[in-house]
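**Q** Mind having a look at this structure? Questions to follow.
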Amino acid sequence: MLTPGHIALGYLVSVSFLKITHADGMFDADTLNVLLLTGSLMGTAPDLDFLPFFIKHRSLKLVQNDSHRSYATHAPLFWLIISLLAYFSFGRTLFAAYLGGIILLGTWSHFLADSFEYGIGWLRPFSQKRYAVWNYPEERTTMRQHILLRHYFEFLKIYVKSRTFPFEIVAVLAAAAVLAT
């Protein structure tokens with residue numbers, strides 16, 4: 001899934017969490033917006049590992065036996081620890097509890113989405129195995145080294161044919177509909 005889809009899922013999960021827990025009766029509008037923004041951004045936070053991957057390889061093209069999904073930020077345990085740190089850093093207040101929950105739900109929405117085709121190391125660091133509903137042949141995305149923008153468009157040509165692309169479109173449209181209400 002690409003960044004817009006991950007942000008949309010992070011937003012939808014955050015809205016759902018805040019509605020189910022009746023957070024609108026506990027927080028003012030500004031605090032709710034901070035939580036929604038945080039959840040939306042957390043939906044794509046695990047992909048921050050593209051930066052160290054790019055620095056290491058000077059390219060975004062796939063490298064044999066290395067994937068940005070093998071970095072620590074693509075491990076669910078990493079984000080569980082981050083969410084607990086957020087909870088404890090803010091003094092175990094109601095806001096801290098919600099912030100920790102939003103961080104966890106936003107990042108794990110990313111992992112659930114990636115689990116369909118790309119696979120996620122749900123048991124890392126105890127196991128390096130990636131779990132996926134469908135196996136996405138990574139070599140399909142291998143391409144010549146290009147400037148970043150061209151690389152992205154080359155990737156899009158392949159991605160629109162993937163099984164998760166329609167799901168991503170639905171997620172983005174659903175997030176837009178919820179945001180509009």
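Only the coordinates and a few stated rules stand behind these numbers; no lab work does. Keep in mind the model is a prediction, meaning the values are calculated, not measured. Note that we place each Cβ from the backbone using ideal geometry, even for glycine, and neighbour counts take in every protein chain shown.
**Q** Please turn the phi angles of region 34-39 into ³J(HN,Hα) values with the Karplus equation 6.51 cos²θ - 1.76 cosθ + 1.60 (θ = phi - 60°), one per residue in order, whole Hz, x for glycine and proline.
**A** 4, 5, 5, 5, 4, x
**Q** Could I have the simple spin-label model distance between residue 158 and residue 34, label points 7 Å from Cα toward Cβ, reported in nm to one decimal?
**A** Result for the modelled spin labels: 4.1 nm.
**Q** I've got another one for you. Between residue 24 and residue 181, what length comes free when the chain is fully extended (0.36 nm per residue of separation minus the Cα-Cα distance, one decimal in nm)?
**A** On the way: separation 157, 0.36 × 157 = 56.52 nm, distance 1.52 nm.
Once the chain is fully extended between residue 24 and residue 181, it gains 55.0 nm.
**Q** Check residue 131: other-chain or 5+ apart residues with amide H under 5 Å from its amide H, H built from backbone geometry?
**A** Here 120, 121, 122 satisfy the definition.
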